[in-house]
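What follows is one structure encoded as structure tokens, with my remarks underneath.
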Amino acid sequence: MSIGSEADSGVSTYHRSVLEKEVMDLLIQDREAAYLDATLGGGGHSRSILDRLGSSGSLIALDRDPEAIAQGTKIFQGDARVQTHLAAFSRLEEFCAPASLGGALFDLGVSSHQLDDRTRGFSFEPGTPLDMRMGPDADSSALDWLKDASEEELAECFRDNADLERSRALSRRIKELLGETSQPDSEVLRHAVSDVYRPHDLERNRLLARVFQAIRMQINREASEIRKGLSAAVKALAKGGRLCVLSYHSVEDREVKQVFRDFERDCVCPPELPVCQCGGNHRSLRKVLRKPLIASDTEIAENPRARSAKLRVMEKV
Ligand SMILES: C[S@@+](CC[C@H](N)C(=O)[O-])C[C@H]1O[C@@H](n2cnc3c(N)ncnc32)[C@H](O)[C@@H]1O
């Protein structure tokens, strides 16, 4: 069943889905099963899932952003197979019973809609407010966090969430600039990056992207969301169900790989135990793809956001 064209659904203007056909081919094994889209966004992947499902198939779609849920409610109204919920995916157990899903998709990070809306504060263009909350469940705005956190906490965030060098010097400069500015916005971070790294033009944008990525991950607790959400999804998958995850930078991908590694292990005994005592039969995932799938040159030319995407796919055993 198809639910309107891209033009009348608004899907393509909100966000252009990445590796759409590849995800569908790997995710959907049973047309009549229940599926989870943990990151609804503009609803593009959700719509493709629904297009492939039969009349008894169903879709649970989550997003922590009320704007994504409003968009999803609008484009899927009238399709009884869909449920949308405003919730972080760490809470997916509330909506998905154990061993109930034929597949789950996590398309991590932010949507183009979130990036393009200046008021949301995700872009590092000059004059952007320091917000970066994906939804009302975030702890605080970026500005409040930057003001309240210590220099050491800032430095730790830049190291852990973006592998940034000179993170201590950057944190010190941000704190100084915050103290000197009456209405701080993205200019504080732009100036701090220029002052600390003295980058040339191309390098400046790369550094700014990493600084913003680090703060965004902190504000939205993204690393812990990935760990909790993927672990909950493994429980919610039925045997043979597939877990597809799209990540867009190395720190996200590192978290994803770590969770997958944990669920691929047969033995879960602490490493200091000389002999296995857990029974050695704890493996609950197997790799479907040996290496992550990346976008084709054609897709990247049409959608530059696909450039950094990595698709990892696992199956519940
Ligand atoms: C890359 S977009 C998803 C795009 C979507 N696949 C599509 O085709 O339009 C990521 C979405 O995930 C949401 N999101 C990110 N982290 C989340 C989390 N922990 N829980 C729920 N939603 C989350 C964001 O609000 C954003 O709308």
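The values are calculated or read from the model by the stated rules, or taken from the named source; none is laboratory data. Keep in mind it's a predicted model, so treat the numbers as computed, not measured. FYI the Cβ positions are ideal-geometry reconstructions off the backbone, even for glycines, and counts take in every protein chain you see. SASA here: full protein model, heavy atoms, side chains in, ligands and nucleic acids out. Shrake-Rupley method; radii C 1.70, N 1.55, O 1.52, S 1.80 Å.
For this structure, a couple of remarks:
- Criterion (polar (S, T, N, Q) and within 16 Å of the ligand (Cβ to nearest atom)) met by exactly one of ASN161, ASN205: ASN161
- Beta carbons closer than 6 Å, at least 6 apart along the sequence or on distinct chains, pair a first residue in region 242-266 that is within 26 Å of ALA34 (Cα to Cα) and assigned by TED's automatic domain parsing to the domain that holds ALA104 with a second that is outside any helix (DSSP H, G or I) and aromatic (Phe, Trp, Tyr) for VAL245/PHE106.
- Which listed residue is among the acidic types (Asp, Glu), out of contact with any Phe, Trp or Tyr (no Cβ under 7 Å at 6 or more places or on another chain) and not in a loop (DSSP other than H, G, I, E, B), from GLU165, GLU152: GLU152
- Every test in (1) near the ligand (Cβ under 9 Å from one of its atoms); (2) at pLDDT 95 or above; (3) surrounded by 21 or more Cβ atoms within 10 Å (Cβ to Cβ); (4) not aromatic (Phe, Trp, Tyr) is passed by GLU67 save one, and that test is (3).
- Test: residue in region 129-150 that is open to solvent by 80 Å² or more (accessible area, probe 1.4 Å) and closer than 27 Å to SER17 by Cβ: yes
- Complete set of residues in region 151-189 that are of a type in the set (Val, Ile, Thr) and surrounded by fewer than 17 Cβ atoms within 10 Å (Cβ to Cβ): THR181
- Scanning region 78-95 for residues that are at pLDDT 95 or above, away from the ligand (no atom under 13 Å from the Cβ) and in a loop (DSSP other than H, G, I, E, B) turns up ASP79, ALA80, ARG81.
- Taken together, the residues in region 267-293 that are in contact (Cβ under 8 Å) with a residue 24 or more places away in the chain and of a type in the set (Val, Ile, Thr) amount to 1.
- Of the residues screened, PRO274 is not one that is modelled with pLDDT of 95 or more and either out of contact with any helix residue (DSSP H, G or I) (no Cβ under 9 Å at 6 or more places or on another chain) or in the same structural domain as HIS15 (by TED's automatic domain parsing) (or both).
- Any hit, region 223-235, residues being more than 30 Å from SER90 (Cα to Cα) and either acidic (Asp, Glu) or open to solvent by less than 80 Å² (accessible area, probe 1.4 Å) (or both): no
- LEU50 vs. criteria within 11 Å of the ligand (Cβ to nearest atom), in contact with a helix residue (DSSP H, G or I) (Cβ under 9 Å, 6 or more places away or on another chain) and in the same structural domain as LEU108 (by TED's automatic domain parsing): no
- When GLY102 is tested against (1) in a strand (DSSP E or B); (2) within 26 Å of SER308 (Cα to Cα), just one condition goes unmet, and that condition is (2).
- Meets criteria (of a type in the set (Lys, Arg), farther than 27 Å from LEU164 by Cβ and in contact with a strand residue (DSSP E or B) (Cβ under 8 Å, 6 or more places away or on another chain)) for ARG290: no
- Number of the condition not met by PHE124 [criteria: (1) buried (at least 17 other Cβ atoms within 10 Å of the Cβ); (2) modelled with pLDDT of 95 or more]: (2)
- In region 133-154, the residues that are among the acidic types (Asp, Glu) reach residues that are not in a loop (DSSP other than H, G, I, E, B) with C-beta atoms within less than 6 angstrom, at least six apart or across chains, in these pairs: GLU151/SER171; GLU151/ARG172; GLU151/LYS175.
- Identity of the residue in region 190-215, open to solvent by 30 Å² or more (accessible area, probe 1.4 Å) and in contact (Cβ under 8 Å) with a residue 60 or more places away in the chain, that ends up farthest from LYS175 (Cα to Cα): ASN205
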